[in-house]
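Notes for the one structure printed next.
The values are calculated or read from the model by the stated rules, or taken from the named source; none is laboratory data. These numbers were taken from a predicted model, which means no experiment stands behind them. Note: ideal-geometry Cβ built from the backbone for every residue, glycine included; neighbour counts use all protein chains shown. Accessible surface areas use protein heavy atoms only, side chains included; no ligands, DNA or RNA. Shrake-Rupley method; radii C 1.70, N 1.55, O 1.52, S 1.80 Å.
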Amino acid sequence: MKSVGEYIIARFEAWCELASNPSFYFVAAFLLIVLACDVVRKGWRRSLSRRAIESVTASLAIFHINIFLVPGVWLLSDDVKQAYDLLGIPSIPGSVWTGLPTWLLSFLGILAADFANYWNHRLMHMKWLWPVHAIHHSDPVVNGLTTYRVHALENLVMLVSYTLLLSWIGLPRDAIGFGALLVLFHNIYVHIDVDWGHGPLRLLVASPRFHRWHHADVPAAYGKNLANVFPFFDWIFGTYRVPGPCNVPLGATGVPRNDVVRLTLWPFVEWSRLAIALLSTRRRPSDRDHGDVPAE
């Protein structure tokens with residue numbers, strides 16, 4: 001088992017390797033292209049409004065905070081993986097996947113990961129995990145960089161879900177391969193501010209319109225459109241909702257918008273509030289033992 005120091009050193013080396021990886025620059029270039037297209041389409045004043053700049057600045061700040069927190073997340077997820085391995089749960093032999101074409105293995109990896117993401121996403125829209133995912137929904141100006149507005153603990157939830165839901169499949173760790181870069185580009189793409197719905201392909205590949213409804217701050221949209229890549233998961237499990245163009249407010253009521261410090265602490269603040277509320281509820285029966293009369 002690796003120590004925290006060894007993990008940090010290993011991840012620092014991984015970050016250095018990432019900085020020299022061409023895919024890193026592909027992503028950066030893609031984000032710049034998205035920004036340029038947005039400026040051309042909306043004009044400087046709308047695209048680079050004060051509200052939009054505050055949003056982008058907060059997203060970038062959260063991304064850089066995560067750089068320091070991610071080693072701890074990886075350490076905890078590795079502990080979960082080791083605990084899972086101790087259970088001795090049978091898995092499909094890796095030899096089953098040997099010899100499959102690279103493109104097919106990559107597709108199966110993306111499909112399996114999106115299935116896990118659908119369920120961890122659905123779980124994160126429930127009361128106790130919502131405070132973690134709420135950070136992603138706090139952005140009132142959803143754009144390509146909203147992709148990176150994710151609390152470090154959300155990464156932990158996702159990694160743990162991969163261990164619990166996908167380990168038994170026995171797919172190689174690098175099954176997705178080059179497809180991982182495509183998934184990242186697609187994740188950025190669905191967050192851009194365009195009303196594209198993909199027409200007859202709308203259930204096969206997630207569109208910006210599909211995902212914009214997921215970020216809509218209206219009760220009818222809460223907990224809808226949870227798949228990242230394949231909307232047919234939402235259609236199968238009853239959470240698909242795209243009534244048309246999304247012209248409603250975006251964000252999350254009650255969650256700080258661009259206050260980076262409050263957003264970083266938000267899960268802990270909300271968990272404390274929920275725990276206090278739960279404890280106060282459980283104390284009520286004991287109050288009766290002391291002669292208190294419950295309200296009618």
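A compact table of results
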read-out	value
Some residue of the range 201-209 being open to solvent by less than 50 Å² (accessible area, probe 1.4 Å), on the phi > 0 side of the Ramachandran plot, at pLDDT 95 or above and polar (S, T, N, Q)	no
Matching residues in the range 81-106 - criterion: being surrounded by fewer than 17 Cβ atoms within 10 Å (Cβ to Cβ), touching a Gly at 6+ places or on another chain (Cβ under 7 Å) and among the small types (Gly, Ala, Ser)	SER91, GLY94
Residue match in the range 69-80 (condition: modelled with pLDDT of 90 or more, surrounded by fewer than 17 Cβ atoms within 10 Å (Cβ to Cβ) and farther than 27 Å from GLY179 by Cβ)	yes
Every pair of residues 6+ apart whose Cβ atoms lie under 7 Å, when the first sits in the range 122-151 and is under 15 Å from GLU54 (Cβ atoms) while the second is basic (Lys, Arg) and surrounded by fewer than 21 Cβ atoms within 10 Å (Cβ to Cβ)	SER138/ARG257; PRO140/ARG257; VAL141/ARG51
Filter result for ARG122 (within 17 Å of VAL229 (Cβ to Cβ) and crowded, with 16+ Cβ neighbours inside 10 Å)	yes
The range 98-126, subset outside any helix (DSSP H, G or I) and at pLDDT below 95, residue nearest to SER167 (Cα to Cα)	THR98
Yes/no for ARG209 being within 22 Å of LEU123 (Cα to Cα) and among the basic types (Lys, Arg)	no
Residue identified as out of contact with any strand residue (DSSP E or B) (no Cβ under 9 Å at 6 or more places or on another chain) and closer than 29 Å to ALA61 by Cα among ARG173, ARG122	ARG122
Within the range 249-276, tally of residues that are out of contact with any helix residue (DSSP H, G or I) (no Cβ under 7 Å at 6 or more places or on another chain) and open to solvent by 50 Å² or more (accessible area, probe 1.4 Å)	13
Residue list for the range 152-166, filter: touching a residue at least 40 places away in the same chain (Cβ under 8 Å) and either open to solvent by 30 Å² or more (accessible area, probe 1.4 Å) or within 13 Å of the chain's Cα centre (by Cα) (or both)	ALA152, LEU153, ASN155, LEU156, MET158, LEU159, VAL160, SER161, TYR162, LEU164, LEU165, LEU166
Subset of the range 219-239 [more than 17 Å from TRP196 (Cβ to Cβ) and surrounded by 13 or more Cβ atoms within 10 Å (Cβ to Cβ)]	ALA221, TYR222, GLY223, LYS224, LEU226, PHE232, PHE233, ASP234, TRP235, ILE236, PHE237, THR239
Complete set of residues in the range 133-183 that are among the acidic types (Asp, Glu) and either in contact with a Phe, Trp or Tyr (Cβ under 9 Å, 6 or more places away or on another chain) or not in a helix (DSSP H, G or I) (or both)	ASP139, ASP174
The range 173-200, subset of a type in the set (Phe, Trp, Tyr) and within 27 Å of ALA52 (Cβ to Cβ), residue surrounded by the fewest Cβ atoms within 10 Å (Cβ to Cβ)	TRP196
Within the range 239-267, tally of residues that are without any contact (Cβ under 8 Å) to a residue 12 or more places away in the chain and closer than 27 Å to PHE63 by Cα	4
